[in-house]
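The values are calculated or read from the model by the stated rules, or taken from the named source; none is laboratory data. Not measured: the values here are computed from a predicted model. With ideal geometry, Cβ positions are generated from the backbone for all residues, glycine too; neighbour counts draw on all protein chains shown.
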Amino acid sequence: MTARLAENSTTVRSLPIGVRALRAGLWLASQTSRPLATRMALDLFMRPRRFRRPAWERSLMFHADTEHVKWHGRSLPLWAWGEGPRVLLVHGWEGRGTQLGALVDPLVRKGFRVVTFDAPGHGDGPGNRSSIPEVADAVTAVADHVGPLHAVVAHSMGGVGLLLAASRRPLASRHVLVASPTRVSSAFHAFSEFFDLPSEVREALPHAVEDRFALRLEELELSRLAARVDAKTLVVHDRDDRDVPFASGEHLASTLRDARLFATEGLGHRKILRDARVIEEIASFVEEGAPERAPGYPVADTLFRELRERAV
């Protein structure tokens, strides 16, 4: 075990002490009981980290109508702005609904009611665990609560949750997928690499997830979901995204029935959510084919916009 933990010592020492402790604990557990180590890895895999909201997101929440949606005996926090056809914003793994808040003011001005929420285990959402099936279930619960949706905009893993929910029943006539992956297996690989999981635990973890949710991971693959999703789709992806390769965006756009790709450069995985050209492209796409509506009123003042533009 000593030799194993000493590998790549320079890289290991650069990690936070908590991560190093978890790595050591998982490795030690794997030496005594693979099932125990797998259960530990599964629990860790389903625990998204929470991050503090920047000032501009808190300002945005101040301007919102706040509600709660019942979800399996618990409640999901929901925020909404404006009046008109509903547009739902879905955040990604370890994200928050207000991360997509740069879209709120432009869409409200165009006469839409913009809605977002924090998924289970994220932001102000209930519990400390989450998964794609639970995010998909939450998307459906929110859609039922707010009424018919005109469009859904989803970021990263939230896009997989959206496609899973939409494969079960139509949710909206338009989807926007921003920096969304096409292969769930990539999440297992990244997690396993980060925590340096022993090979036997790496192999067992996907099966543990399947058993936990009574589904096969193949059901989450794009080729299967695409066949059951019927919505006009805008795929937005940055060529320099280090979290989800640009090839994923290309694959989404070529596989979904009625989709086109809007490619960017130099924005990466998160700045893409605040880029002015991206916001304009998404807002224009959402507006196409929308029912007649009255112009909306601005949500945020100049200070709020400055805070958003300075946000990292």
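Overview of values
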| read-out | value |
| --- | --- |
| Among the candidates Trp79, Trp56, Trp93, residue that is in a helix (DSSP H, G or I), of a type in the set (Phe, Trp, Tyr) and either free of Cβ contacts under 8 Å to residues at least 12 places away in the same chain or surrounded by 15 or more Cβ atoms within 10 Å (Cβ to Cβ) (or both) | Trp56 |
| Some residue of region 107-129 being closer than 20 Å to Leu44 by Cα, among the polar types (S, T, N, Q) and modelled with pLDDT under 95 | yes |
| Matching option when the condition is among the small types (Gly, Ala, Ser) and touching a Ser or Thr at 6+ places or on another chain (Cβ under 9 Å), among Ala283, Ala214, Ala276, Ala231 | Ala231 |
| Selection count, region 133-160, where residues are in contact with a helix residue (DSSP H, G or I) (Cβ under 9 Å, 6 or more places away or on another chain), surrounded by 24 or more Cβ atoms within 10 Å (Cβ to Cβ) and not aliphatic (A, V, I, L, M) | 3 |
| In region 250-299, the residues that are exposed (fewer than 13 other Cβ atoms within 10 Å of the Cβ) and either touching an Asp or Glu at 6+ places or on another chain (Cβ under 7 Å) or closer than 19 Å to Gln99 by Cβ (or both) | Arg257, Glu265, Gly266, Ala276, Arg277, Glu280 |
| Matching option when the condition is more than 21 Å from Asp137 (Cβ to Cβ) and either in contact (Cβ under 8 Å) with a residue 40 or more places away in the chain or under 15 Å from the mean Cα position of the chain (by Cα) (or both), among Ser167, Ser180, Ser173 | Ser173 |
| Single unsatisfied condition, Pro16 versus (1) within 25 Å of the chain's Cα centre (by Cα); (2) at pLDDT 80 or above | (2) |
| Count of region 164-188 residues which are hydroxyl-bearing (Ser, Thr, Tyr) and either more than 24 Å from Arg216 (Cβ to Cβ) or surrounded by 21 or more Cβ atoms within 10 Å (Cβ to Cβ) (or both) | 3 |
